[in-house]
Amino acid sequence: MSLVNLTVNGRAISANIEPRQHLGDFLRENLLLTATHLGCEHGVCGACTVLIDGAPARSCIAFPAALEGARITTLEGLADDPVAAELREAFTVEHGLQCGFCTPGMLMMARDIVLRRPGAGEEAIRHELAGNLCRCTGYVGIVRAVESVAARHAGAAPVVTRGTEVAPSAFVSPLTLPVAGTLVSKQAQDAVTPKAAPAASADISFETLHNPVRMTQHFEVPAPLGEVWNVFQQPEKVVACLPGARLTAPTDGRSFEAEMGVKLGPMAATFRGAGTIMADEATLSGIIRGQGVDGRSASRVRAELTYRLAPLQDGSATAVAVEIAYELKGPLAQMSRGTIARDLAGRLTEIFAANLAAALTGVPAASKPAALDGGALFLAMLKGFFLRLFRRG
Amino acid sequence: MKAARFDYHRPADLTAALTGLGAAGGKPLSGGQSLGPMLNLRLARPAALVDVGRLAELRRVEERADGVLYGAAITHAEIEDGAVPDPTGGILPAIASGIAYRAVRNRGTMGGSLAHADPAADWPTTLAALGAIIHLTALTGPRESRVPDLIRGAFDTTLEEGEIISGIFVPRLSPDARWGYRKSCRKVGEFAEAMAAVLIDPPRNIARLVIGATETRHLVLEGRDIEDSAVLDAALAGIGIAADPARARLFRAVVADALSAAQTSHVSA
């Protein structure tokens, strides 16, 4: 808990606040200022927009603990604001709302647009409002409403709202109630336990991947086909070539349970799940399928690895063709936009090689989380694994 | 969509901040406009946040004859509004005004954007093209880096544990420098799907093309290479973009637009 002093709609507030509580929740839950709406809660939809020191900001990704001394204005605090009054009237006239969920954020942004860009036309207003989503698709009415107020202010001197004072309203808000700033810390009970992995079973059904990321790679390993084929039939060897991955249960050779830690910048996830191995010796090919869930973020990954082997030269070497297809869903895909840091693959190959060398010398290697998601990494490591395995052999 | 528990520290000065970051699990917090969503989605679960966004050392701006040194915690909105000096004849305010949305620009910082190292963010591509020098600081001492050396991949930098970006030095452009910048977004304010920046500054002997939104490190072409389509194609192939014909076309179009903008648009430095 941190003791934080804020000014909210002109009133001084001191409260003990958990650092993890965001401003939107603090305003709604602790101060009962429910005009601020929470939509996406990750800074995308704009519904929770409030003024911090006079300038609009998303309250869902602002933390009161980090706002010591800040002046916060919510829609309640604009009850007597002249521009907000004009906007309320215009939203009524132009039918600028349907369900009303986005409206508080729209009004907050609209006031800023009118002050900062008086006389702004439709194009400028649409540009400025692009960060506020209306799911009733009522943009036409909203934009017309803002345009009519902005037109009335045409010729006025633009006001940079950052750092401006907003006159407190006379509106009697729930802020007259005592502040519920005494939430009890539950440190001891809250120890986070990751959700249990979904039970793996041999008859997991795999749906077709929808619009997966695909990549292929061809490489040669200096070993006879039979040896390479054998490695692909052993889940523990395939899994062992992924940094951060390990089997979580003994495998029967046809199905497996595994987990893999991945790290992308400040994001970290541990996927736990299961997979199957199918091989067709007649065509020297096979498919390894897997799917997993990151219990913390509820991100899901599904992947297919298709491999095809061919003997080379006099049979002392083997050509390997591998295709990876994967789809990532949930928060991790959203934040990383499905990106793959392809150039990291090379450096992760080195981590992998180190792990392998350690394993070969009998020293258990520290299993570091891989520093990226995806198939490029896997391909690079798979290639490195085979090259090193058979070079050493 | 609630962040996991973390401790919050607001150190009084830079030295205290660097000491605090040395403690286990400490992450620097600047404007929090990228870290905030990751905290709420629980993709990032730092044990502690060390607030560097209000440190005086990171909030100062120093104008020099050869450019401007911005503190890392100068916000996009401050640059957009001209609240700080601009050595680029309007390039920096124009770029700032195109970042996300005003509500984000009011809090997001230039240094935070660089440290987050999103390949599709505006500052890394722009500052790489402008030849900015990034000032880094740690308890062991300061060092300097160029953007292409700082950002080695998506969300991946050469910042050491306990090291932060303290400032960004943007060199002053020549009066007849030319600039082109294009990005392709599905929606205003969204992260770009392709972006390119071109700086041609003959008196300083600079002709530079930087391509961003690559999903990996930035592509930097210099000199005659910037107009050579074979070199461009090879570079795109090198980072896997050529594999998708639609994406490769988008990147080529964005580069062509930025190059043609740089033929005509003089900066007013």
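Results, tabulated for the structure shown:
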| item | result |
| --- | --- |
| Modelled FRET efficiency - R0 22 Å, B:Asp225 with B:Asn205, Cβ distances, 0.05 increments | 0.90 |
| Angstrom value of the Kirkwood radius, inverse mean 1/r, which spans all Cα pairs in segment B:59-171 | 13.9 |
| Simple label model, 7 Å out from Cα along Cβ direction - B:Thr158 to A:Lys329, nm | 4.1 |
| Distance in nm between pseudo-label sites at B:Asp244 and B:Arg146 (7 Å out along the Cβ direction from Cα) | 2.9 |
| Segment B:178-264: radius of gyration over Cα atoms, expressed as a fraction of 2.2 N^0.38 Å | 1.04 |
| Which of B:Arg54, B:Arg10 is most accessible, then next, and so on - probe 1.4 Å | B:Arg54, B:Arg10 |
| At 1.002 mPa s and 20 °C, Stokes D of segment A:1-63 from Kirkwood alpha-carbon radius, µm² per second | 181 |
| Computed Kirkwood radius, in angstrom, where 1/r is averaged over Cα pairs of segment A:2-168 | 15.9 |
| Computed over segment A:2-168: relative contact order in percent, which uses C-alpha pairs under 8 Å that are six or more apart | 25 |
| Efficiency of FRET between B:Ala23 and A:Asn5 - r from beta-carbon atoms, R0 25 angstrom, step 0.05 | 0.50 |
| Calculated FRET value between B:Arg60 and A:Asp80, using beta carbons and R₀ = 30 Å, to 0.05 | 0.20 |
| Centre separation in Å (Cα based) which lies between segment B:118-137 and segment A:262-279 | 32 |
| Anchor A:Lys263: aspartates and glutamates whose Cα lies under 19 Å away (excluding residues fewer than 8 positions away in-chain) | A:Asp294, A:Glu327, A:Asp343, A:Glu350, A:Asp373, B:Asp118, B:Asp156, B:Glu160, B:Glu161, B:Glu215 |
| Estimated distance in nm for a label pair at B:Ala256 and A:Ala319, the labels positioned 7 Å out from Cα along Cα-to-Cβ | 3.6 |
| Pairs beyond 22 Å (Cα-Cα), from A:Lys329/B:Lys2; A:Lys329/B:Lys27; B:Lys2/B:Lys27 | A:Lys329/B:Lys27 |
| Label-reachable residues, segment B:8-42, where backbone N falls under 20 Å from a point 7 Å from B:Leu139's Cα toward its Cβ | B:8-29 |
| Difference of contour (0.36 nm per residue) and Cα-Cα distance, A:Asn16 to A:Ala249 | 79.3 nm |
| Hypothetical label at B:Ser174: residues of segment B:86-121 whose amide nitrogen lies under 20 Å (7 Å Cα-Cβ projection) | B:87-92 |
| Segment B:153-210 and segment A:79-133: distance between their alpha carbon centers, rounded to Å | 33 |
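The values are calculated or read from the model by the stated rules, or taken from the named source; none is laboratory data. A quick note: this is a predicted structure, and the numbers were derived from the prediction, not measured. Counting neighbours? That spans all protein chains shown, and the Cβs are built from the backbone with ideal geometry, glycine included. We work out accessible area using only protein heavy atoms, side chains counted, and drop any ligands, DNA or RNA first. Shrake-Rupley method; radii C 1.70, N 1.55, O 1.52, S 1.80 Å.
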